[in-house]
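Accompanying notes for the structure given below.
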Amino acid sequence: MGKTIFRLLKRGVLFFVGFSLLGVLVFRFVPVWVTPYIVAERIRSVGGAPDLSFKKKWVPFEDISRQMPLAVIASEDQNFLNHSGFDFVQLQKALDAKKKKKRGASTISQQVAKNVFLWHGRSYLRKGLEVWFTVLIELLWSKERILEVYLNVAETGRLTFGVEAAAQRYFRVPASRLSRAQAARIAAILPNPKVYRADKPGPYVQKRALWIERQMRNLGGVDLLKKLE
């Protein structure tokens, strides 16, 4: 009985490892059209506000204004180009300042792992799987690919996903034409896109967007992205 259970567990683990490796390899090249969270949001929206339509459009990295990836790096993960998926310095700071919680410690890579492969929620199981997929993503994808996927699947408003949909919804321009200020506003609403709007920013979004613009300049502007080459 014990040997049978062990064999089943072993097969289950091997299947999961193989399946997850395959998934990460496939999405290294194939656009991510849908994620578990997007599916969940569409289901939840059934019977909701009729004036709000689902918006998502995949665009390649080269068709996104350089200001946008710079803005999310400045806002979400300033050490993105240097770490291997986990920013232990920021993690320690977050642990030392639990009560403040002004800024999380999740890197862009971790957010991609969560958004593409997992469900949203808090549990040790989900966090453990997030670590696993983050490691795979960093090993098998380039930094540019991680940014490309992040910018295409991130929630940017109610039933709005990706920066192309956000650019069209908020500013009536394609993502390729986003200015620095517009990119900073979109990045500013990412912590709570269901509440904040980039086109009608309240005091919090205005203040945060200005801070992001300063960080973008401090990081060296779009020249920072030459490190992706």
Restricting region 77-136 to residues that are assigned to a helix (DSSP H, G or I) and charged (D, E, K, R), the residue that is modelled with the lowest pLDDT:
D96
Taking region 155-188 on its own, how many of its residues are of a type outside the set (S, T, N, Q), closer than 21 Å to S45 by Cα and touching a strand residue (DSSP E or B) at 6+ places or on another chain (Cβ under 7 Å)?
8
Of all residues in region 1-46 being touching a residue at least 40 places away in the same chain (Cβ under 8 Å) and among the small types (G, A, S), which is farthest from W141 (Cα to Cα)?
S45
Tell me yes or no: at least one residue of region 47-58 is modelled with pLDDT under 95, part of a helix (DSSP H, G or I) and over 24 Å from W211 (Cβ atoms).
no
Considering only region 137-151, state which residues are more than 17 Å from V34 (Cα to Cα) and surrounded by fewer than 22 Cβ atoms within 10 Å (Cβ to Cβ).
E138, L139, L140, W141, S142, K143, E144
Give me a count of the residues in region 202-223 that are surrounded by 18 or more Cβ atoms within 10 Å (Cβ to Cβ) and either of a type in the set (D, E) or at pLDDT below 95 (or both).
1
Filter region 52-70 for residues that are over 14 Å from L228 (Cα atoms), hydrophobic (A, V, I, L, M, F, W, C) and within 17 Å of the chain's Cα centre (by Cα); which is surrounded by the most Cβ atoms within 10 Å (Cβ to Cβ)?
M68
Looking at A175, A187, A154, can you tell me which residue is more than 13 Å from the chain's Cα centre (by Cα), within 25 Å of T35 (Cβ to Cβ) and surrounded by 19 or more Cβ atoms within 10 Å (Cβ to Cβ)?
A175
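The values are calculated or read from the model by the stated rules, or taken from the named source; none is laboratory data. Please read these numbers as outputs of a predicted model, since none were measured by experiment. Cβ atoms come from the backbone with ideal geometry, glycine included; neighbour counts cover every protein chain shown.
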